Amino acid sequence: MNKILVATEKPFAKAAVEGIRQIIEKAGYEMALLENYTLKSELMAAAADADAIIIRSDIVDKDVMDAAKQLKIVVRAGAGYDNIDLETATQHGVVAMNTPGQNSNAVAELAIGMMVLAARNNFNGTSGSELKGKKLGLHAYGYVGKAVATIAKGFGMDVYAFDPFVAKEKMEAEGIKPVADAPELYTTCQYVSLHMPANAQTKKSINFELLSKMPKGATLINTARKEVVDEEGLTQMFTERPDFKYVSDVEPDNKSLIAEKFSGRFFFTPKKIGAQTSEANNNAGLAAARQIVSFFKTGDKTFQVNK
Ligand code: 3PG
């Protein structure tokens, strides 16, 4: 009988776990649950006899895959799969998947929420500003970027986007103004929201050169990954541009320096919470379980990311 391990250092909502269990057991498989763990060794031990693993931002590296001798498939219940060692997965013949789009509304709502927070001076009671009529730049236009655009248009924002992988015509058809490159996006928009994956091309790509192009009242919103921002450039931007604000879903490594010097101009969630809603947990968790069942029953590899 296939054993499917749900390994979540940051647990899903209870109802989502029960939904995952039902899908797995209905298919005739067994579910194991490892939540709130702190050590990699705990994940390695739990993975030892698993045929499949469902994870969130949990790190599945070579050690974990070496320990998981029965493993055939690992599914990241979410979008970004920078936490899976894809090369080792391929070498071990393990299929890696994500569940694209399933948690994007939750992340988009947080991006907009943090934008409002910044515009209203962290709700400190002083006079802030409105989003209506302001220019919002989406740096990458995937599922989350698109969901942010939909809500931002409701606020009356003027939405621009840069994404080298999305056709201009598609953006235009969806009421978005495409720009030719990242510098143009940052030059045009007072608000810029990041929605790209973390990879070799994007890590540290949001640097001072780009940020310093932003117009007065610049606000950067990061619900992507902290790694895409060059933290030296970020500090320089805070220093040279007293109008600049940064709101981010997850603290940067230089959080204490920012907190000490640039009080009132930032907000950081203590833990990544973009996808931490019961709806997103349900959508992504259940999709992951269904993808695993379908893979075992029919060999379906839709959403495989290591090919
Ligand atoms: C994602 O890549 O799907 C989001 O960053 C959510 O991550 P999480 O499942 O760890 O909350």
Scan around MET31 for amide H atoms under 5 Å from its own, H built in the peptide plane at 1.01 Å from N, and keep only partners 5 or more places away or cross-chain.
-> ILE4
Using 1/(1 + (r/R0)^6) with R0 = 30 angstrom and r between the beta carbons of MET44 and ASP300, what's the FRET efficiency to the nearest 0.05?
-> 0.60
First measure r as the distance between the Cβ atoms of LYS177 and ASP82, then evaluate 1/(1 + (r/R0)^6) with R0 = 30 Å and state the FRET efficiency to the nearest 0.05.
-> 0.55
Accessible-area ranking of LEU34, LEU220, largest first, probe 1.4 Å | LEU34, LEU220
Give the cross-link partners of LYS62 among the lysines, using a straight C-alpha distance below 17 Å as the criterion and excluding same-chain residues fewer than 8 apart.
-> LYS40, LYS72
Order these peptides, 262-274, 181-193, 88-100, by their mean beta-carbon neighbour count within 10 angstrom, highest first.
-> 181-193, 88-100, 262-274
Nonlocal amide H pairs with ASP58, under 5 Å, H built at 1.01 Å | GLU9
Taking amide hydrogens as modeled 1.01 Å from N in the peptide plane, which residues meet the under 5 Å criterion relative to VAL95, leaving out close sequence neighbours?
-> ILE73, VAL74
Restricting the stretch 208-248 to trypsin sites (Lys or Arg not before Pro) in coil, as DSSP defines it, with at most 10 other Cβ within 10 Å = LYS216
Residue-ordered couplings for the stretch 217-223, obtained by feeding phi - 60° into the Karplus form 6.51 cos²θ - 1.76 cosθ + 1.60 and rounding to whole Hz (Gly and Pro as x), are x, 4, 9, 9, 10, 10, 10
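The values are calculated or read from the model by the stated rules, or taken from the named source; none is laboratory data. Since the model is a prediction, treat every value here as computed from it, not as a measurement. Note: ideal-geometry Cβ built from the backbone for every residue, glycine included; neighbour counts use all protein chains shown. Areas reflect the complete protein model, heavy atoms only, side chains present, ligands, DNA and RNA absent. Shrake-Rupley method; radii C 1.70, N 1.55, O 1.52, S 1.80 Å.
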